1. Scan region A:23-34 and report the pairs whose first residue is without any contact (Cβ under 8 Å) to a residue 60 or more places away in the chain and exposed (fewer than 11 other Cβ atoms within 10 Å of the Cβ) and whose second residue is of a type in the set (Lys, Arg) and not in a loop (DSSP other than H, G, I, E, B), with Cβ atoms within less than 8 Å and a gap of 6+ or a chain change.
2. Among the listed residues A:GLY50, A:GLY37, identify the single one that is facing chain B (nearest Cβ under 7 Å), among the small types (Gly, Ala, Ser) and in a strand (DSSP E or B).
3. Could we say that A:THR5 is over 17 Å from the mean Cα position of the chain (by Cα) and among the hydroxyl-bearing types (Ser, Thr, Tyr) here?
4. Within region A:5-21, is there a residue that is loosely packed, with under 15 Cβ neighbours inside 10 Å, at positive phi and of a type in the set (S, T, N, Q)?
5. Which members of region A:116-163 meet the condition of being touching a residue at least 40 places away in the same chain (Cβ under 8 Å), surrounded by fewer than 17 Cβ atoms within 10 Å (Cβ to Cβ) and among the hydroxyl-bearing types (Ser, Thr, Tyr)?
6. Hey, does region B:49-66 have a residue that's at pLDDT 90 or above, surrounded by 14 or more Cβ atoms within 10 Å (Cβ to Cβ) and touching a Ser or Thr at 6+ places or on another chain (Cβ under 9 Å)?
7. Considering region A:35-66 alone, what residues qualify as being closer than 30 Å to A:LYS153 by Cβ and loosely packed, with under 15 Cβ neighbours inside 10 Å?
8. Could you grab me the full set of residues in region A:18-34 that are among the aliphatic types (A, V, I, L, M) and either farther than 23 Å from A:ARG79 by Cα or more than 7 Å from chain B (Cβ to nearest Cβ) (or both)?
Amino acid sequence: MTIVTQDDLAAYLVRLVAWGERFAITFAGVDDELTLGREPGDALVIDLDGRLPHAPRITAATISIFERWTAQPKRGLVRTEYAYELRDPVFDYRRALHYHDEDHFVRQFQVATHEHCEATMGVATCGRYFGYPVRDGIDGLSRLYDVWLRAAKPDCSELRCLS
Amino acid sequence: MDRLYYTPREVAEILSISDDKVRELVNAGDLPGIRVSPRITRIPIAAFDLWRAGFVPRQRQVVIKPAARRVVVGDGEDRPTAARRVATG
């Protein structure tokens with residue numbers, strides 16, 4: 001995913017948070033302002049943690065979004081890393097969609113995006129699973145939200161284990 | 001645990017409109033819904049309730065500040081070492 005300017009990235013962040021809020025996600029630390037983090041080296045990051053809607057006395061599932069955006073010549077800002085994560089303490093599972101260490105993953109697995117699936121949180125029967133590229137943060141949130149909507153442990157065996 | 005979503009048919013009954021109209025609203029982004037596939041759409045109950053209550057996310061400004069923490073994506077999983085990354089990069 002490529003975005004040309006910081007203003008475009010800011011508008012994207014606003015859309016992303018609004019999408020989550022329309023789906024009853026409560027983001028931590030989000031008030032009147034949203035923050036793009038600037039890292040040493042000038043990468044910009046989106047770093048959000050949210051709680052999914054939950055009934056009283058039930059621990060909320062959490063969802064997190066992390067994207068690292070790097071300025072590249074003639075291309076503008078490019079999303080060079082991402083991690084979208086869902087942890088559901090009620091059904092005790094974790095799902096994640098990751099993109100990082102692109103050269104390594106493409107060389108080793110012929111795919112850069114990979115998924116994590118722990119049917120019991122902290123217990124991985126496969127280190128990583130094949131993943132389809134995540135178009136943007138809303139796509140990432142949608143996929144994980146749909147996993148949560150099923151209100152059941154995920155069947156990790158449905159995924160293709162890479163290693 | 002109770003179900004967390006409605007089908008388009010259930011929402012259609014609640015709103016007294018057609019299933020197709022529900023899908024149209026979802027596809028247009030007017031009604032919050034997850035389009036799982038061309039044939040499957042789910043409308044989260046919590047989102048539907050907010051929508052019916054007229055919820056509109058507030059307008060916000062975006063500021064750029066030093067990142068609050070340094071995140072290493074994939075930390076904790078088996079990642080290539082720095083040396084290998086240089087060698088394969």
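1. What qualifies is A:ALA28/A:ARG51.
2. On the way: A:GLY50 fails: facing chain B (nearest Cβ under 7 Å).
Unique residue meeting the criteria: A:GLY37.
3. Values: over 17 Å from the mean Cα position of the chain (by Cα): yes; among the hydroxyl-bearing types (Ser, Thr, Tyr): yes.
The answer is yes for A:THR5.
4. Filtering region A:5-21 down to residues loosely packed, with under 15 Cβ neighbours inside 10 Å leaves A:5, A:7-8, A:11, A:15.
Still in the list and also at positive phi: none.
No, region A:5-21 has no match at all.
5. Result: A:SER163, single match.
6. Yes, the conditions are met somewhere in region B:49-66.
7. Keep residues of region A:35-66 that are closer than 30 Å to A:LYS153 by Cβ, which gives A:46-66.
Within region A:35-66, A:ALA55, A:PRO56, A:ARG57, A:ILE58, A:THR59 meet the criteria.
8. Looking only at region A:18-34, we keep the residues that are among the aliphatic types (A, V, I, L, M), and these are A:18, A:24-25, A:28, A:30, A:34.
A:ALA24, A:ILE25, A:ALA28, A:VAL30, listed by residue number.
The values are calculated or read from the model by the stated rules, or taken from the named source; none is laboratory data. Everything quoted here is computed from the prediction, not taken from an experiment. Note that we place each Cβ from the backbone using ideal geometry, even for glycine, and neighbour counts take in every protein chain shown.
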